[in-house]
Each structure stands twice: as C-alpha cells, then as structure tokens.
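As structure tokens, the structure follows; a few thoughts come after it.
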C-alpha cells in the first residue's frame, strides 16, 4: 500500500499553459512528516523531474488528510506529464506519482470581448475560452464553454465581424454573416462545463463558408439555452497565422 496517494492531476486531464491547478494528495499511512516536495515531468514516470515546490509546510499528519499546492501550469506542452509528491520524514521518505499521463496544451490565442456577457440562470456569465493552435494549417482549434446552466446545449458561432446586439437574455457579439457549427454542439452536463470541442477550420459553416486562412481574424461566441430563454457567452477574437 502506498504511504501517500496523488489525487490530482492523476492522469487523463488536459491542462492549459498559465492556468492555476491544484495538485492534491492524501496521507494513506501517517509518519509525522516534516515537509513536502513536489515535482513534475513532461516525459512520463521515469522523469527527469522538474521542481515545483520544495519544503512545503507539513500540514496535518493524520492519515486520510488531504493536502494541496496551487501550481501555475508551465509553458511546457506535452502529452506525457506526471506530478510527483514526496513526504519528507525523520526516517524513510515516501512518495507517489500520478497514475497515468496527463496533457499540458498551449494557451493558444484569442482576446476576449463583450466580457463579461449577461448573467445566466446560475448567477454567472457564460465564459468562452479558445484553446489549441492558432495556426490555420494545424486545424487543431477548440472552444471551451464554462459557467453555463447545467444540462443545456449550445451552438458555436463564427463571424469575421463584431457587434453588440441585445438578443433574448444576453448580447450577440457577432455581426455581418454569422455561421453556426451544427456538427459539434456544446453540452454543459451536470457541472455547467462543456469541456473543449474541436472546430473544423477547413470547413466553415455557410455562411461564411470556406476555410480559415493565415492572416484572417475570426470571432467566436456560444449561443446556449438558459432556462426559458437563450443566452450568450462572451466573444473571443482570434488572429490566425
């Protein structure tokens, strides 16, 4: 049995450069630790290991107690990331690492505008983030909608123009010809967090149709159901390269 157990991130997560993330672990067998050391690896469980924090305060020494350290995700994109936590003791030291690899992805791109938009039925504004790559030829671009009402769907919208038009419960922040992606819909689930969905930059909905090209600026927004009406996230403007 492990003397400590890493709880998070513990494999499968997709983290974005610059995001604050809570590294969490628990004591399985108490030893009266002196302090904690935390590292990460971008090459899997064999390391090499890069320091996150050393000699963190011991906190509770009780078995079952949960400990955490806030970590700003570094600019080190990889699909083979692990964290490692060591319990420093007067006798033998004990450690644990993430059970499986997780991913650090680039923070990508994009400037938020119409931000924040109107509050929805949760009391918060819907939040839209752009992730992945802003290189048009990569065709590896995702949108992530958060703070939405639970178990609701939403459409990703795209336009080359911006606006600010009151519609239903919020503000439509796109102008001109507006395209609606229908093959990939947001579903907020029970948490109100849709998770990232991929958009095909080579096949834009019509209008506007065509493909995203280097040098173009495109604006994105999510139109979603909100109780008895509909609402919108903030807009995100992305310059593609």
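Its relative contact order, with pairs defined as Cα atoms under 8 Å and 6+ residues apart, puts the chain at 18 percent.
Using Rg/Rh (Cα atoms, Kirkwood Rh) as the read-out, say which of [x] 0.93; [y] 0.99; [z] 1.08 was calculated from these coordinates. Given [x] 0.93; [y] 0.99; [z] 1.08, the calculated one carries the label [z]. Cβ crowding within 10 Å, taken as a proxy for footprinting-reagent exposure, orders 240, 141 from fewest neighbours to most as 240, 141.
By DSSP, the beta bridges lying fully in the chain are antiparallel in about 95 percent of cases.
Relative contact order for the range 111-239: what is it in percent, counting Cα pairs under 8 Å that are at least 6 residues apart? It would help to have the intermediate numbers written out before the result.
Numbers: 354 pairs, mean separation 43.7, N = 129.
So the answer I get is 34 percent.
Take every Cα pair under 8 Å whose residues are at least 6 apart in sequence, average their separation, divide by the length of the range 1-65, and the relative contact order is 33 percent. Working ranking of peptides 95-104, 108-117 by packing, defined as the average number of other Cβ atoms within 10 Å per residue, highest first, is 95-104, 108-117.
Each value in this text was obtained by applying a stated rule to the coordinates, not by laboratory testing. Predicted model only: the values in this text are computed from it and were never measured. Reconstructed Cβ throughout: ideal geometry from the backbone, glycine too, with neighbour counts over all protein chains shown.
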